[in-house]
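The values are calculated or read from the model by the stated rules, or taken from the named source; none is laboratory data. Note that the structure is a prediction, hence the values are computed from the model and not measured. Virtual Cβ from ideal backbone geometry, glycine too; neighbours counted across all protein chains shown. Surface areas here come from the heavy atoms of the whole protein model, side chains and all, with no ligands, DNA or RNA. Shrake-Rupley method; radii C 1.70, N 1.55, O 1.52, S 1.80 Å.
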Amino acid sequence: MPYDNEIEVDNDSPDPFAGFAKETTLELVEAEDGKLVLRDAEKSDEPLMTIDFSDKLREILGSDTQSIGQHMIHAAIQVIMKKQMSQWHAHVYDKEPTHYS
């Protein structure tokens, strides 16, 4: 499945990791209304992502909603990391070499 979202990389920055996420701690919690909320543990006031299962699906899944939510978030993080690494490699290899052998 192709992904059309672009990740911006600052090609003019001396920092080779500019534009890439730094280390962060994420937490997945269940809100009072039953939604699963992914948020930054240090800035927990605003959710990064919410997952809301319908009542019918919640009834079918039972206690597995938390596990399924974790798998969904893990898959999303893998896609983001893959895209970032692809762009980072493209950024590195597109530079003119200083020496030719």
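Test of understanding: among 60, 73, 80, which residue is of a type outside the set (Asp, Glu), at pLDDT 80 or above and open to solvent by less than 80 Å² (accessible area, probe 1.4 Å)?
Selected residue: 73, the only one of 60, 73, 80 that is of a type outside the set (Asp, Glu), at pLDDT 80 or above and open to solvent by less than 80 Å² (accessible area, probe 1.4 Å).
All but one of (1) open to solvent by 50 Å² or more (accessible area, probe 1.4 Å); (2) over 16 Å from residue 36 (Cα atoms); (3) at pLDDT below 90 hold for residue 66, so report the exception by its number.
(2)
So, in the stretch 38-51, exactly how many residues are touching a residue at least 12 places away in the same chain (Cβ under 8 Å) and either open to solvent by 100 Å² or more (accessible area, probe 1.4 Å) or in a strand (DSSP E or B) (or both)?
Narrowing the stretch 38-51 to residues touching a residue at least 12 places away in the same chain (Cβ under 8 Å): 38-42, 44, 48-51.
The next check asks that each one be either open to solvent by 100 Å² or more (accessible area, probe 1.4 Å) or in a strand (DSSP E or B) (or both); those that pass are 38-40, 42, 48-51.
So the answer is 8.
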